[in-house]
Amino acid sequence: MRKSTLPGRFSKLLAVALCGLLLVLVGVCTSASAQSFTFTTFEAPGASTTPSDSAQGTFAASINNSGVMTGLYVDARFGYRGYLRAPDGTFTTFDAPGAGNTRCSAPPCDFQGTIPFSINASGAIAGSYIIDGSYAQHGFLRAPDGTLTTFDAPGASTAPYQGTGAVSINTSGAIAGYYIDGSNVQHGFLRAPDGTFTTLDAPGAGTAEQQGTEPKSINQSGEIAGNYWDSSGVSHGFVAIPLHNSPHGHGRHHGRHDHDRD
């Protein structure tokens, strides 16, 4: 038997007509993409709400499937402080070891402190912190039990406005991020759950100042998405897919716990 098909335009018109008829008859036809939301607003304990030239208040960064959130708040000292918000609204605030908290006397300020970026299904949090005075950036991992481990990617400079930025953590505990070397060139990294580092440089990434590779997200399969700047300063997207299911992906491999700071 020959299968009957409807032209695409007629199918759409028929669907619209049936939807309109259903709306008239029972009033329940709605757009398939429309959703309703309930908003809950909140402030982290200690967050400043004083108007100023520099941003203060509470900032949410990431939420996992259990509804546990992480983010940062800016206190009255203009310092970044990390927090975890449980589904029941309970807050836990934390500071990475060594994070700066020197009071800024007058904004605009070079902020210091703890900057969470990502939380995984287990409640592990990855982020960065900035030290007093030096303004160097370092990575941190906060385990679900609250234990904090700090680290520097191999090759990362510890000069002002350089260093290591951890931006995403997957369910297995693998962390993707970037580091800035002594020439102000940016490179990507993968930190495996055992502390092993792999450096990631996208093909075509520039090697001059303010060029390079910046991972943004890692999924459960270890695939890393991000962008890179070429030699002309133009940004392009990339996805790095691990070869042969290697937990370290494609790049330069470094030894176990190469630059952990704990």
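The values are calculated or read from the model by the stated rules, or taken from the named source; none is laboratory data. Computed from a predicted model, the values in this text were never measured in an experiment. Please note: Cβ atoms are built from the backbone with ideal geometry, for glycine as well, and neighbour counts cover all protein chains shown.
A compact table of results
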item	result
Index of the failed condition, residue 163 passing every other in (1) over 26 Å from residue 69 (Cα atoms); (2) touching an Asp or Glu at 6+ places or on another chain (Cβ under 8 Å)	(1)
Residue match in segment 142-155 (condition: touching a residue at least 60 places away in the same chain (Cβ under 8 Å), touching a Leu at 6+ places or on another chain (Cβ under 9 Å), among the aromatic types (Phe, Trp, Tyr) and under 22 Å from residue 224 (Cβ atoms))	yes
Counted residues, segment 173-194 - those being surrounded by fewer than 18 Cβ atoms within 10 Å (Cβ to Cβ) and in contact (Cβ under 8 Å) with a residue 60 or more places away in the chain	1
Residue match in segment 65-82 (condition: of a type in the set (Gly, Ala, Ser) and modelled with pLDDT under 90)	yes
Residue identified as closer than 24 Å to residue 206 by Cβ and not aliphatic (A, V, I, L, M) among 152, 145	152
Test: residue in segment 128-136 that is modelled with pLDDT of 95 or more, under 20 Å from the mean Cα position of the chain (by Cα) and not aromatic (Phe, Trp, Tyr)	yes
In segment 84-99, the residues that are crowded, with 17+ Cβ neighbours inside 10 Å, outside any strand (DSSP E or B) and either in contact with a Cys (Cβ under 7 Å, 6 or more places away or on another chain) or charged (D, E, K, R) (or both)	95
Residues of segment 44-70 satisfying the condition of being over 24 Å from residue 122 (Cα atoms) and surrounded by 10 or more Cβ atoms within 10 Å (Cβ to Cβ)	46, 47, 48, 49, 52, 54, 55, 56, 57
